[in-house]
Amino acid sequence: MALLDRSEHFHSHCVKVASRLDAPLLTCEAVIAENCYLLRNVHQASEAILENVDRGVFVVPYRLTGNASNVKRLIHKYADLPMDFADACLVDMAHDFQTGRILTLDQDFAVYRWGKNRPFELLLEHFE
């Protein structure tokens, strides 16, 4: 979200870090939908997100079919946070693609574990 919302406190930091990463960036439809919703009041943000999918900047290889029981298990496991649907898909996706590298400001990913208790590598750090 901070990547596209210039009013977001960490926007410039997110842009800088993202520009150093190799494209494509893997994500899931739940994250695309959540960001389109959260950025609905930012002029042309949804269009920019979808354009990035079209251009191959964001690739959406994850399918809920075949993974729904894993997502359900994760939501139950992290109910105390609570874990939302998009986060559960990303945690499950990390296992599928064998990487815990994640571009997010969501500090819950410091708590979440993928695979057999592996921590995520948060590519963004908070700077005040």
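So the values come out like this:
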| read-out | value |
| --- | --- |
| Condition check for residue 120: closer than 21 Å to residue 14 by Cα, buried (at least 17 other Cβ atoms within 10 Å of the Cβ) and touching a residue at least 24 places away in the same chain (Cβ under 8 Å) | yes |
| In region 94-118, residue modelled with the highest pLDDT [restricted to those that are more than 20 Å from residue 79 (Cβ to Cβ) and not in a loop (DSSP other than H, G, I, E, B)] | 118 |
| Residues (touching a residue at least 40 places away in the same chain (Cβ under 8 Å) and in a loop (DSSP other than H, G, I, E, B)) located in region 14-64 | 21, 27, 28 |
| From 67, 52, residue being on the phi < 0 side of the Ramachandran plot, surrounded by 13 or more Cβ atoms within 10 Å (Cβ to Cβ), polar (S, T, N, Q) and over 16 Å from the mean Cα position of the chain (by Cα) | 67 |
| Single residue of 79, 88 found to be farther than 25 Å from residue 19 by Cα, among the aliphatic types (A, V, I, L, M) and without any contact (Cβ under 8 Å) to a residue 12 or more places away in the chain | 79 |
| Leading residue by the ranking (surrounded by the most Cβ atoms within 10 Å (Cβ to Cβ)) among those in region 91-117 that are within 16 Å of residue 18 (Cβ to Cβ) and charged (D, E, K, R) | 106 |
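The values are calculated or read from the model by the stated rules, or taken from the named source; none is laboratory data. Keep in mind that what you see is a predicted model, and the values were worked out from it rather than measured. Here Cβ is always computed from backbone atoms with ideal geometry, including for glycine, and neighbour counts include all displayed protein chains.
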